[in-house]
Each structure stands twice: as structure tokens, then as C-alpha cells.
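Okay, structure first, notes after.
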Amino acid sequence: MHLPDCLHLGGTPAYPIHEVRHPRASARIAVNGAHLMEWTPAGAHPVLFLSPDAVLEPGKAIRGGIPVCWPWFGPHADPQRPMHGYARILPWNLVKAESDESGVHLVYELTDGEAATPWWNPGLRARLEMHLGTELAVELFTRNSGDEPVRLEEALHTYLSVGDITRVCVRGLDGAHYLDTVGEPTRRRQEGNIVLDREIDRQYASEAAVTVEDPAWGRTLIVEKEGSATTVVWNPWIEKSKRLADLPDEAYHGFLCVEAANAGAGAVELAPGAEHVLRKRVRLA
């Protein structure tokens, strides 16, 4: 495939990375997982957080950026299956690359993983489209080409980079019901805005846009989505960060995950021949 001048091949032959250098933004995408590792609009702080200890190896998930969780979210009922599905640990194919004055448009497909994983579902096809410019748009398309309905869980597990997590305020989820998975899973209702002073791992039943106010860097991030019944908000805080080998102990200060998802009660029932689209947009206000 001919690559536009603003898209370069980096990494190594065993671990290729597509590098975007455009007047509107810079970015890096690992072929492993079609994983958007970095996206930085021109003149801005990085919007996506990437752990300095992230493991960049074939078959390993990357800590940071936007992992693609698919076709299940979280742990599977079968403990032998990988956390968050197999899409984030398999190589994807770049099938389209275009650029114009607004940015770069890339399309990746996950169509053949049967030889790489015993859990491959031959009836499911995934396509990931991303537009990288002053704004970020990511779309995950899933088609059920099989003969049986499929229960689909998924997430665009976005790590947002922030200046100081203790000063962040998340707006847009007031009144939403959520599953709190820290400790014993408990259903609760959000009262007011979200401020961070401890570990948080919540699955909100919400389709609303979310605003992340980051006073340390003097900016506001707007996170919008479509085709998503679940918004996951996560930060591991102090003790869990110490248990994550691919995350420095103090790195939790610098990110917040706000994920567009369909998980748990929000899973999608995909009929034979049907297609579902999960869309997410991130922009600076």
C-alpha cells in the first residue's frame, strides 16, 4: 500500500508502528492491536497517556493509548481466555491511509486471527477507523457474518493524559447509575460530579458526553460517543498501581480512563448479518 507522506513506518520489523506527522497532529499506532498509542494536536500537551513501562511485544497488551477491548470486556467466564478479548493482542491489517488538510484517516481490519488464538470467532469481523487531526475520531465496526446471534462486549479503553489527577473534575454523569467494581461489586447512583481521591473503577449506564476538566494543564477535554450504552471511568490509584508491572508506581497521577463501552447489561446482541458501530470523539474545548 502507498502511504501518504505524513505517515511513516517505525518500530521494528517484528513490531511495526505507524507514525503520523501532520501539521494538525502527531500520533503513533501499533499494528499490534491497531492500538493508538499517542495522539497530540499541534501545540497541545499529549491527549493520550502511554505508560513509560508499556510492553511493546507481539501478543502483549499495551498500557495506555486506546486499547481495543473486543469481543468481550473484562475477564471472560473461561479464565483461560485473555482479559478484554483478543483484538488488542493480535496484529491488524492497514487497508486504507489517506490525508488532507484536516488530518490523517486510517482504516484497520481484523479478519484473520484463527491461527493466532484458539478463541477466535470466525463469524465476527472488526474494522477500526480513526481520524487524527485537531480532533480525534475513532470508530469500531463489528459485523456478524455467522449464522448465530452473538453477544458482543467492547470498549475503546481511552487513557486520557492529565496534569494532576487529584485536581481533575469529570462532568456529565450526575444522576447516572453505575456498577462499582472496586471491592465487592455494588450498584450505586452518581451524585454530582466525579472527583478523584481513591481507586475508581465504575461502569456507568450512560450515553451522554463527558467533560474532563484538567486545571493543572489549564484545559478541558470533551469525550463524546455513539453506539455505547456504558461509560467506564477508571484510575488504579496508589496500591493497585504498585501491582501493575507495566505502570510506574506514581504514574496514576497522570491519567484518567474514560471509556466508550458496551459491557455487562449494556452488551450488544448482534443478529446474523447485522453490524454495530461504536464511535468516540475526543476534542479540546
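Derivation of every value follows stated rules applied to the coordinates shown; laboratory data play no part. Note that the structure is a prediction, hence the values are computed from the model and not measured. Every residue, glycine among them, receives a Cβ derived from its backbone with ideal geometry; neighbour counts consider all protein chains shown.
Worth pointing out:
- Three-way shape call for the stretch 1-146 based on the alpha-carbon gyration tensor, with the a/c threshold at 1.5: prolate
- Which label in (1) 18.8; (2) 16.3; (3) 14.6 gives the computed mean projected area of the Cα convex hull in nm²: (3)
- Cleavage-rule hits (GluC sites (Glu not before Pro)) in the stretch 124-204: DSSP loop, at most 10 neighbouring Cβ within 10 angstrom: E191
- Relative packing of 72-80, 182-190, which averages over residues the other C-beta atoms within 10 Å, highest first: 72-80, 182-190
- Placed amide H near A274: partners under 5 Å, 5+ positions off or other chain: N144
- The residue list P248, I62, L36 was ranked by how far each Cα lies along the charge dipole of the chain toward its positive end, using unit charges on Cβ atoms, and P248 comes out on top.
- 5 angstrom amide H check on S99, placed H, neighbours 5+ away: H105
- Normalising the average separation of contacting C-alpha pairs (under 8 angstrom, six or more residues apart) by the number of residues puts the relative contact order of the stretch 142-229 at 28 percent.
- Residue-count net charge about V150 - beta-carbon cut-off 12 Å; Lys, Arg +1, Asp, Glu -1: -3
- In Hz, Karplus ³J(HN,Hα) per residue of the stretch 147-161 (6.51, -1.76, 1.60; θ = phi - 60°; x = Gly, Pro): 9, 10, x, 10, 8, 10, 10, 6, 6, 9, 7, 7, 8, 8, 7
- Per-residue [θ]222 nm for the chain (sum of -39500 (n - 2.57) over DSSP H runs n ≥ 4, rounded to 500): -500 deg cm²/dmol
- Taking each residue as 0.36 nm, the span from R151 to A14 lengthens on full extension beyond its C-alpha to C-alpha distance by 46.0 nm.
- Magnitude of the charge dipole, the chain, Cβ model with Lys/Arg +1 and Asp/Glu -1, debye to 20: 220
- Shown in residue order for the stretch 261-278 are the 3J(HN,Hα) couplings computed by the Karplus curve 6.51 cos²θ - 1.76 cosθ + 1.60 at θ = phi - 60°: 9, 9, 9, x, 5, x, 4, 9, 8, 9, 6, x, x, 8, 10, 10, 10, 9 Hz (x for Gly and Pro).
- Per-residue 3J(HN,Hα) values for the stretch 196-209, derived from phi via the Karplus relation 6.51 cos²θ - 1.76 cosθ + 1.60 with θ = phi - 60°, read 10, 9, 5, 4, 9, 8, 10, 10, 8, 7, 7, 10, 7, 5 Hz in sequence order (x marks Gly and Pro).
- Summed side-chain charge close to S228 - residues other than S228 whose Cβ falls under 13 Å, Lys, Arg +1, Asp, Glu -1: -3
- In terms of the mean number of neighbouring beta-carbon atoms within 10 Å, the peptides 264-276, 99-111 order highest first as 99-111, 264-276.
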